[in-house]
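S.K.: Starting off with a structure, shown below.
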Amino acid sequence: MAELPIPVFHSLDEIHADGAKAALAQAERWNNLLVRFEKIFGCKATHVARAPGRVNLIGEHIDYALFGVLPTAIERDILMALSPSSAPGGQIIAENLDERYSRQEFAAQRVGEEGKWDLGIDTRELRWESYVKAGYYGVLNHHLAHPTSVPQSMNMLVTGSVPAGSGLSSSAAMVVASTLSFLAMNDALGQVTKGELVTLAMENEKRVGVNSGGMDQAASVISTPSAALYITFYPALRSAPVRIPRTSPSAVFVITNSLVVSDKALSAKVNYNLRVVETLVAARVLARALGMKVGEGEKVTMREVVGRWAGEGEGKDMGPEKLEEVLQRLIPEAERILGEGNGKTGLTHEEMVAASGLDEDAFHQLYLSWVQVEATDFRLYARTKHVLSEALRVLQFRKICASHPSNVTATSVSEQEHGDEVLKELGELMDASQESCSKLFQCSCPELDELTQLAREAGAYGSRLTGAGWGGCAVSLVAEPHVPAFIEQISKTYAPYRALSKEQLEAVVFATKPSSGAGVYVVE
Ligand code: NG1
Ligand code: MG
């Protein structure tokens, strides 16, 4: 799928391929964007770049350990309406329909001896246009690098329906849409495949200061309607569609926002980045405990440790069936050799350094010199158990989906009962993931623990946090006919929802189906 070209659409039905109804619901929003564009810029938009947000169905905090994850694009998206302009000097005018985000005008400059393009992105502050500039950066330096290349001046109007700071990857959607916009306006769309767009967008997102794992951009770019994606990172980025079984009743994923905003950029040293460091050190400690040699400067990942343990061979991929079998054997083994013991919950910094087999300087150089973390208790065993068991749950979830037809409408009672069983199995894996995120990886929060529990009580087959956690959204698997009752109940039982109006509630609780990935719409 990664080799495919970027899709170019001529009608909304093609984008919202799961039906004319979805296209109709979106038509008003698209129309409004085009009308406002003409009012603001005095000319018609020629293109609209679209990139969706994503929900991760299962596989949390394991992409940076290089294990496979299972996200899907959602219908909520970022739209950027565009037109070339005749302004001189590659001038970009970017407006946003959201009034909180003010009009921006900028142009790229060539700097230094090599004449690299620069956009002066400010990473100390979160500014909306930084995401636009981040997308532009890679296009300039990869596709307009030639000394005689001149970027096209253009107008841009942005609108988005992915809530920010809630684990649905509005940031990746912004960067992917922006990357697509600048590619389209500079006639370079035909030069990149989907896979290359993922790599470009990952690199571009780093311009905003986020050391991203790649799951979000891949989900936004590669997704197709009606399938989730199994994305693997080892030995290289790959993806394969995973169809959610078509049961009767059919099931959908419902997103519920806990309304706790998790600002990863501001608190990373006590949560996200700390977990990245703990997970990396845990991999080294596990490798040593299993009798493997790890080079002094080698930042081995948990996925590599598992491969070495199974004699996989460097750069090889043992495949999902074998990996599942290996994880089944390794988890109890890791438990036996790493068990927390001594009634203690974790390690002090000194104990952790000793367990790594490195001296303080080498440890610091390898694990702490590139990131800021703050902690006194490093729970390496609990993090290991989460990562290995979550990796296993992704494989089990995938296998259940693969072994059930995705295109059958069951009519008989026994087939319905069977459908119910399948959904229960998927739900149990989601619940186990939440339990592990909460207790072992400690990336949940009281509100998400409560919300996922209330979701189960409201009839969900399973419920878990999605994205980095510490706030943001939960995702629940719910039988489609039951969705209205589910929403009704959760709106009464989750206290922060009680005061919301109908519109406000629709913005924070909504059903979603796998949606199509990013593309460019040509306005006729
Ligand atoms: P969110 O919180 O949705 O941005 C983050 C990471 C992912 C992954 C998840 C946890 C970025 C851009 N994304 O997602 O790569 O590690 O947390 O599974 O940092
Ligand atoms: Mg993000």
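Derivation of every value follows stated rules applied to the coordinates shown; laboratory data play no part. All values reported here derive from a predicted model rather than from experimental measurement. Neighbour counts are summed over all protein chains in view; Cβ atoms, including those assigned to glycine, are modelled from backbone coordinates with ideal geometry.
S.K.: Restricting things to Cα coordinates, could you compute the convex hull volume per residue of the stretch 50-144 in Å³?
M.R.: Dividing the Cα hull volume of the stretch 50-144 by its residues yields 175 Å³.
S.K.: While we're looking at this one, here's another question. Relative to the Cα centre, what is the charge dipole magnitude of the chain, using +1 at the beta carbon of each Lys and Arg, -1 at the beta carbon of each Asp and Glu, and rounding to the nearest 20 debye?
M.R.: Using only the charged Cβ atoms, the result is roughly 280 debye.
S.K.: Place a +1 charge on the Cβ of each Lys and Arg in the stretch 386-524 and a -1 charge on the Cβ of each Asp and Glu, then give the dipole magnitude about the Cα centre in debye, rounded to the nearest 20.
M.R.: The calculated dipole for the stretch 386-524 is roughly 260 debye.
S.K.: For the stretch 33-104, which trypsin sites (Lys or Arg not before Pro) are in a loop by DSSP, counting at most 15 other Cβ atoms within 10 Å?
M.R.: Lys44, Arg100, Arg103
S.K.: Could I ask something else about it? Pull up the cross-link candidates among the lysines for Lys502, meaning alpha carbon to alpha carbon under 19 Å and not fewer than 8 places away within one chain.
M.R.: Lys492
S.K.: Continuing with this model, one more query. Can you give me the span-like helices of the chain, meaning DSSP H runs with 27 Å or more of Cα extent along the axis and Kyte-Doolittle mean at or above -1.0?
M.R.: In the chain, the long hydrophobic H runs are 20-41, 380-402, 413-439.
S.K.: Can you give me the distance in nm between label points at Glu298 and Lys322, each placed 7 Å from the Cα along the Cα-to-Cβ direction?
M.R.: Computed distance between label sites Glu298 and Lys322 equals 1.9 nm.
S.K.: With a ≥ b ≥ c the root eigenvalues of the C-alpha gyration tensor of the stretch 216-321, is it rounded (a/c under 1.5), prolate (a/b larger than b/c) or oblate?
M.R.: Oblate shape, in that a/c is at least 1.5 and b/c is the bigger or equal ratio.
S.K.: Going by the alpha-carbon gyration tensor, a ≥ b ≥ c the square roots of its eigenvalues, is the stretch 359-510 rounded (a/c under 1.5) or, if a/c is not under 1.5, prolate (a/b greater than b/c) versus oblate?
M.R.: Verdict is oblate for the stretch 359-510.
S.K.: Checking the cross-link filter: which aspartates and glutamates have an alpha carbon closer than 19 Å to that of Lys39, excluding same-chain neighbours under 8 positions apart?
M.R.: Cα-Cα hits under 19 Å: Glu28, Glu95, Asp98, Glu99, Glu105, Glu524.
S.K.: Which lysines have a Cα lying under 17 Å from the Cα of Lys322, excluding residues fewer than 8 positions away in the same chain?
M.R.: Hits, sequence-local ones excluded: Lys399.
S.K.: Between Gly339, His364, Ala354, whose Cα lies farthest towards the positive end of the dipole of the stretch 311-372 when Lys and Arg beta carbons carry +1 and Asp and Glu beta carbons carry -1, centred on the Cα centre?
M.R.: With unit charges placed on the Cβ atoms, the residue in question is Gly339.
S.K.: List the pairs from Lys133/Lys206; Lys439/Lys513; Lys385/Lys439 whose alpha-carbon separation is above 18 Å, in the order I gave them.
M.R.: Lys439/Lys513
S.K.: Here's a follow-up. What are the semi-axes of the equivalent ellipsoid for the chain, taken as the square roots of 5 times the Cα gyration tensor eigenvalues, largest first, in whole Å?
M.R.: 37, 31, 21
S.K.: With +1 on each Lys and Arg Cβ and -1 on each Asp and Glu Cβ, how big is the dipole of the stretch 40-85 about its Cα centre, in debye rounded to the nearest 20?
M.R.: Rounded to the nearest 20 debye, it is 260 debye.
S.K.: How long are the three semi-axes of the equivalent ellipsoid of the stretch 263-395, in whole Å, if each is the root of 5 times an eigenvalue of the C-alpha gyration tensor, listed from largest down?
M.R.: That gives 24, 16, 16 Å for the three semi-axes.
S.K.: A further question on this structure: Evaluate Rg over Rh across the stretch 71-217, taking Cα atoms for both radii and Kirkwood's formula for Rh.
M.R.: When Rh is taken as the Kirkwood radius, the ratio is 0.94.
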